[in-house]
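Undergrad: Let me give you the structure first, and then I'll get to my questions.
The values are calculated or read from the model by the stated rules, or taken from the named source; none is laboratory data. Note that the structure is predicted; figures quoted are calculated from it, not measured. Don't worry about glycine lacking a Cβ; one is built from the backbone with ideal geometry, like all the others, and counts go over all protein chains shown.
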Amino acid sequence: MIPIPELAIVPFEGTPAPVVRMLADDLVARGIAARIDAPMALPPAAYVPARDQYRAETLLARVSVHAGRHVLGITHRDLYARGLNFVFGIAAPGGACVVSTARLTAGVDGALFRSRLRKEAVHELGHTLGLGHCADPGCVMHFSNSLADTDRKGEAYCERCAASVIEATGRPRRS
C-alpha cells in the first residue's frame, strides 16, 4: 500500500466522472482510503491561449489549499510546467499533486489508458512522499518524457524507492 492514510481526489471541472471513479477505485484497491470531493473550477489564470494549455503549477497551487493532508487533482486539460512542453502531472512534497488525462488517451484502448492513469497517479503520489525520479526504467518513479516511457515502466516502486518510502514514513508500501 502507498502509505497515505486518506486521499482527497479533486476533479477539475469537465473531468469525466467515470474516469475519476475509475481512478478512485484503483487507488482503493491499492490500500488508499480515497474519497472523491466536489469538482473544482479551473482557475482562469491557468489557461495560456498561445499554448492552448494550462499551467500545471497554477492548478497545483489551487489544490494545495484544499482541505486534507494528501490531495490529488485530476483534469482532462493539457498541462505544461515551466521549462517543459507538457507534463503528465506535477506534485509538491508534503501532499498535493495534479494529473492530466489529456495525453494519456492518445490512440489507446480503455485498459491501457487505465494503466497509464494509475502509473501517473502513483508516480505523483510518490513525489508527495518525497521520492525523486528513479533511474530504474521499470520503477513507477522513472521519469516519463513520452507515452512510450509511461507504457514501459511498471506500476510499482522498485526496491530502492520502496525502501525510501518506508524510511521516510515508517510504514511499508505496496503499489
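Undergrad: Select, from Glu120, Glu155, the only residue that is over 18 Å from Ala8 (Cα atoms) and of a type in the set (Asp, Glu). Walk me through how you get there before you give the answer.
TA: On the way: Glu120 fails: over 18 Å from Ala8 (Cα atoms).
Sole residue among the options that is over 18 Å from Ala8 (Cα atoms) and of a type in the set (Asp, Glu): Glu155.
Undergrad: Moving on. What residue, of Ile74, Ile90, is in contact (Cβ under 8 Å) with a residue 60 or more places away in the chain and aliphatic (A, V, I, L, M)?
TA: Selected residue: Ile74, the only one of Ile74, Ile90 that is in contact (Cβ under 8 Å) with a residue 60 or more places away in the chain and aliphatic (A, V, I, L, M).
Undergrad: When you go through (1) touching a Leu at 6+ places or on another chain (Cβ under 8 Å); (2) of a type outside the set (S, T, N, Q); (3) part of a loop (DSSP other than H, G, I, E, B); (4) at pLDDT 95 or above one by one for Asp136, which number turns out not to apply?
TA: Unmet condition: (1).
Undergrad: Give Gly14, Gly94, Gly31, Gly73 a once-over and let me know the one that is small (Gly, Ala, Ser), on the phi > 0 side of the Ramachandran plot and under 15 Å from the mean Cα position of the chain (by Cα).
TA: Being small (Gly, Ala, Ser), on the phi > 0 side of the Ramachandran plot and under 15 Å from the mean Cα position of the chain (by Cα) holds for just one of Gly14, Gly94, Gly31, Gly73, which is Gly94.
Undergrad: Could I ask something else about it? Is it the case, given these coordinates, that Thr128 is surrounded by 20 or more Cβ atoms within 10 Å (Cβ to Cβ), closer than 27 Å to Pro39 by Cα, in contact with a Pro (Cβ under 8 Å, 6 or more places away or on another chain) and at pLDDT below 95?
TA: Against the criterion (surrounded by 20 or more Cβ atoms within 10 Å (Cβ to Cβ), closer than 27 Å to Pro39 by Cα, in contact with a Pro (Cβ under 8 Å, 6 or more places away or on another chain) and at pLDDT below 95), Thr128 qualifies.
Undergrad: Please enumerate the residues belonging to segment 140-158 that are in contact with a helix residue (DSSP H, G or I) (Cβ under 6 Å, 6 or more places away or on another chain) and assigned to a loop (DSSP other than H, G, I, E, B).
TA: Val140, Met141, Ser144, Glu155
Undergrad: In this structure, does Ala8 turn out to be without any contact (Cβ under 8 Å) to a residue 60 or more places away in the chain and closer than 26 Å to His133 by Cα?
TA: Working: without any contact (Cβ under 8 Å) to a residue 60 or more places away in the chain: no; closer than 26 Å to His133 by Cα: yes.
The answer is no for Ala8.
Undergrad: Could you please find all residues in segment 90-114 being surrounded by fewer than 17 Cβ atoms within 10 Å (Cβ to Cβ) and polar (S, T, N, Q)?
TA: If the condition is that a residue be surrounded by fewer than 17 Cβ atoms within 10 Å (Cβ to Cβ) and polar (S, T, N, Q), then Thr105 is the only one that fits.
Undergrad: Just checking, how many residues over segment 11-53 are farther than 23 Å from Gly110 by Cβ and in contact (Cβ under 8 Å) with a residue 40 or more places away in the chain?
TA: 1
Undergrad: Name the residues in segment 97-123 that are within 14 Å of the chain's Cα centre (by Cα) and assigned to a helix (DSSP H, G or I), would you?
TA: Correct list: Phe113, Arg114, Ser115, Arg116, Leu117, Arg118, Lys119, Glu120, Ala121, Val122, His123.
Undergrad: For segment 19-48: of the residues being in contact with a Lys or Arg (Cβ under 7 Å, 6 or more places away or on another chain) and among the small types (Gly, Ala, Ser), which is modelled with the lowest pLDDT?
TA: Among residues in segment 19-48 that are in contact with a Lys or Arg (Cβ under 7 Å, 6 or more places away or on another chain) and among the small types (Gly, Ala, Ser), the one modelled with the lowest pLDDT is Gly31.
Undergrad: Mind listing whichever residues of segment 145-158 are surrounded by 17 or more Cβ atoms within 10 Å (Cβ to Cβ) and more than 11 Å from Arg116 (Cα to Cα)?
TA: Ala156, Tyr157, Cys158
Undergrad: Which numbered condition trips up Pro16, out of (1) at pLDDT below 95; (2) surrounded by fewer than 16 Cβ atoms within 10 Å (Cβ to Cβ)?
TA: Every listed condition holds for Pro16 apart from (1).
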